[in-house]
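Structure record follows, encoded as structure tokens.
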There are 2 protein chains.
Amino acid sequence: MTTATNPRILEHPEREDIRLEPVLHALSDAVRLRIVRDMARGEGAEFSCSHFALPVTKSTSTHHFRVLRESGVIRQLYRGTTKLNTLRRDDLDALFPGLLDAVLTAAEAQTERLGD
Amino acid sequence: MTTATNPRILEHPEREDIRLEPVLHALSDAVRLRIVRDMARGEGAEFSCSHFALPVTKSTSTHHFRVLRESGVIRQLYRGTTKLNTLRRDDLDALFPGLLDAVLTAAEAQTERLGD
């Protein structure tokens, strides 16, 4: 078996290995927060990276998605050559009840107050 | 007047200038989170930096307190030569209702799950 080195298999922390500090770090960037807010509105939907019209280069975008994945905020899997992204809401809500909603609400409040 | 350049006057964002992303960044570090949790237990009390027995050097500690201050999470003021720290709970709760409590609860849950 060679799945461990298959570049199409992306590494994710198991639920029990997700830590609060990296999750907060992942959410502490405006671009990543925007991705997470978009995904939260999609309620479990899978999004390709190109779905998000981000004001950054492709390599920066890839970096942001990796930070989100490695912290446990999103799940990424390949379907063919396309990476699909889903929010790990169940895992986050189980570990840190109310946290994701509080961050999303805070982000909405800030957008209303200041614009995007 | 020379207060603007007085080194004993520490710069803080006004409430309306506090932003979610730097607040989340400030909270995304284990040492800073520990400081904030200790201060939250104190419910408005003022703490000297030396109150917190942190496993870091003095200059690293100073850096962490500065990140917390500049993001708007804490207020620091001099009393004589001692810096006193208070949590800006009112400001954070007004801007981002429920956020600080969700982070504190998540931190407690993680400590219970994994230890400090």
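The values are calculated or read from the model by the stated rules, or taken from the named source; none is laboratory data. Just so you know, these numbers come straight off a predicted model, no measurement behind them. Note: ideal-geometry Cβ built from the backbone for every residue, glycine included; neighbour counts use all protein chains shown.
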Being among the β-branched types (Val, Ile, Thr) and in contact (Cβ under 8 Å) with a residue 24 or more places away in the chain is the filter here, so list the residues in the stretch B:61-81 that pass it. B:VAL67, B:VAL73, B:ILE74
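Within 12 Å of the chain's Cα centre (by Cα), within 14 Å of another protein chain (Cβ to nearest Cβ) and closer than 18 Å to A:GLU21 by Cα: does that describe B:ARG113? So that I can check it myself, show each step before the final result.
Values: within 12 Å of the chain's Cα centre (by Cα): no; within 14 Å of another protein chain (Cβ to nearest Cβ): yes; closer than 18 Å to A:GLU21 by Cα: yes.
In short, no.
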Residue list for the stretch A:36-49, filter: more than 13 Å from chain B (Cβ to nearest Cβ) and either surrounded by 15 or more Cβ atoms within 10 Å (Cβ to Cβ) or touching a residue at least 24 places away in the same chain (Cβ under 8 Å) (or both): A:ASP38, A:MET39, A:ALA40, A:GLY42, A:GLY44, A:ALA45, A:GLU46, A:PHE47, A:SER48, A:CYS49
Tell me which residues, restricted to the stretch B:61-81, are aromatic (Phe, Trp, Tyr) and under 16 Å from B:PRO22 (Cβ atoms). B:PHE65
Among the candidates B:THR82, B:THR86, single out the residue that is modelled with pLDDT under 90 and either of a type in the set (S, T, N, Q) or farther than 21 Å from A:ASP29 by Cβ (or both). B:THR82
Residue by residue through the stretch A:10-20, note down the ones that are under 18 Å from A:LYS83 (Cα atoms) and either assigned to a helix (DSSP H, G or I) or without any contact (Cβ under 8 Å) to a residue 60 or more places away in the chain (or both). A:GLU11, A:PRO13
Hey, can you tell me all the residues within the stretch A:82-107 that are in contact (Cβ under 8 Å) with a residue 60 or more places away in the chain, more than 16 Å from A:ARG19 (Cα to Cα) and charged (D, E, K, R)? A:LYS83
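Given B:VAL31, B:VAL56, B:VAL103, B:VAL23, which one is modelled with pLDDT of 95 or more, farther than 23 Å from A:ALA107 by Cα and either within 11 Å of chain A (Cβ to nearest Cβ) or not in a helix (DSSP H, G or I) (or both)? If you could, list the steps in order and put the result at the bottom.
Values: B:VAL56 fails: modelled with pLDDT of 95 or more; B:VAL103 fails: farther than 23 Å from A:ALA107 by Cα; B:VAL23 fails: farther than 23 Å from A:ALA107 by Cα.
Of B:VAL31, B:VAL56, B:VAL103, B:VAL23, the one residue that is modelled with pLDDT of 95 or more, farther than 23 Å from A:ALA107 by Cα and either within 11 Å of chain A (Cβ to nearest Cβ) or not in a helix (DSSP H, G or I) (or both) is B:VAL31.
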If I ask for residues that are in contact with a Leu (Cβ under 6 Å, 6 or more places away or on another chain) and in a helix (DSSP H, G or I), which ones from the stretch B:38-53 would you list? B:MET39, B:ALA40
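Among the residues of the stretch A:79-100, which ones are away from chain B (no Cβ under 14 Å) and not in a helix (DSSP H, G or I)?
Step one: filter the stretch A:79-100 for residues away from chain B (no Cβ under 14 Å), giving A:79-90.
Across the stretch A:79-100, the qualifying residues are A:ARG79, A:GLY80, A:THR81, A:THR82, A:LYS83, A:LEU84, A:ASN85, A:THR86, A:LEU87, A:ARG88.
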Reported set for the stretch A:59-74 where residues are touching an Asp or Glu at 6+ places or on another chain (Cβ under 9 Å) and away from chain B (no Cβ under 14 Å) is A:ARG69
